[in-house]
Amino acid sequence: MLIRPMESKDIGIVRELIDYCKPLDLHTPFTYWVLSEYFNNTCLVLEDEGSVVGYAGGMKSTSMEGVFYLWQIGLLPNYRGKGFFSALLDRIIEEIRKLGCNYLEFSVLSDNNQSISAFTNYAKKKGLPIEKRGNLSYYDKLTDEECKEDIYRISL
């Protein structure tokens with residue numbers, strides 16, 4: 001297993017991985033290019049035997065002191081429940097501590113119990129406090145969809 005910074009050559013495979021990991025939202029290649037070029041120390045890929053099997057990416061907040069927002073994290077199904085999620089989060093936390101962040105925040109669809117459980121179990125195992133900090137709800141007129149997500153915070 002190798003966890004490394006995302007590079008522009010990874011854009012295609014990361015997009016395929018994200019598309020496979022519903023309900024994660026797939027974004028444009030340009031979005032992932034920006035992340036690979038400007039945030040590659042906190043946008044990481046996880047490789048197993050030379051294949052990208054996981055991705056985690058986010059950025060330090062410029063409006064909230066000490067907060068890092070984990071924008072997306074995804075693993076191929078065969079790699080779930082085997083410690084790869086923890087390894088990816090450990091590495092992200094290692095990087096964001098270097099940035100002076102004390103909090104890891106993320107949002108999860110309110111009914112995504114698998115993801116909520118994964119983060120909650122991680123925090124418990126590491127002895128880190130986790131709390132639901134709030135929620136967001138918005139209507140996307142372009143897709144005619146209502147989005148409801150809960151925002152969580154892990155204190156580092």
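Looking at (1) under 14 Å from the mean Cα position of the chain (by Cα); (2) touching a residue at least 12 places away in the same chain (Cβ under 8 Å), which is the only condition Lys22 fails?
(2)
Do any strands (runs of 3 or more DSSP E) entirely within the range 33-88 hold 2 or more residues that are within 16 Å of Arg4 (Cα to Cα) and among the acidic types (Asp, Glu), and if so, which?
Details: elements: 43-48, 51-60, 67-75.
In the range 33-88, 43-48 are the strands (runs of 3 or more DSSP E) which contain 2 or more residues that are within 16 Å of Arg4 (Cα to Cα) and among the acidic types (Asp, Glu).
If you scan the range 22-41, which residues turn out to be surrounded by 18 or more Cβ atoms within 10 Å (Cβ to Cβ) and under 18 Å from Phe119 (Cα atoms)?
Leu24
Output the residues belonging to the range 108-121 that are in contact with a strand residue (DSSP E or B) (Cβ under 8 Å, 6 or more places away or on another chain) and either surrounded by fewer than 18 Cβ atoms within 10 Å (Cβ to Cβ) or outside any strand (DSSP E or B) (or both).
To start, the set of residues in the range 108-121 that are in contact with a strand residue (DSSP E or B) (Cβ under 8 Å, 6 or more places away or on another chain) comprises 108-110, 115-116, 119-120.
Answer for the range 108-121, where residues must be in contact with a strand residue (DSSP E or B) (Cβ under 8 Å, 6 or more places away or on another chain) and either surrounded by fewer than 18 Cβ atoms within 10 Å (Cβ to Cβ) or outside any strand (DSSP E or B) (or both): Leu109, Ser110, Ser115, Ile116, Phe119, Thr120.
Out of the range 104-131, which residues are within 20 Å of Leu24 (Cβ to Cβ) and of a type in the set (D, E, K, R)?
Answer for the range 104-131, where residues must be within 20 Å of Leu24 (Cβ to Cβ) and of a type in the set (D, E, K, R): Glu105, Asp111.
Only one of (1) on the phi < 0 side of the Ramachandran plot; (2) assigned to a loop (DSSP other than H, G, I, E, B) fails for Gly100. Which number is that?
Single failed check for Gly100: (1).
From the list Leu76, Leu88, which residue is surrounded by 15 or more Cβ atoms within 10 Å (Cβ to Cβ), over 13 Å from the mean Cα position of the chain (by Cα) and among the aliphatic types (A, V, I, L, M)?
Details: Leu88 fails: over 13 Å from the mean Cα position of the chain (by Cα).
Result: Leu76 is the single residue among Leu76, Leu88 that is surrounded by 15 or more Cβ atoms within 10 Å (Cβ to Cβ), over 13 Å from the mean Cα position of the chain (by Cα) and among the aliphatic types (A, V, I, L, M).
Counting only residues that are within 18 Å of Tyr103 (Cβ to Cβ) and among the charged types (D, E, K, R), which one in the range 34-73 is nearest to the chain's Cα centre (by Cα)?
Among those that are within 18 Å of Tyr103 (Cβ to Cβ) and among the charged types (D, E, K, R), it is Lys60.
We did not get these values from a lab; they are worked out from the coordinates using the rules stated. Just so it is clear, the structure is predicted and the values come from calculations on it, not from any experiment. Counting neighbours? That spans all protein chains shown, and the Cβs are built from the backbone with ideal geometry, glycine included.
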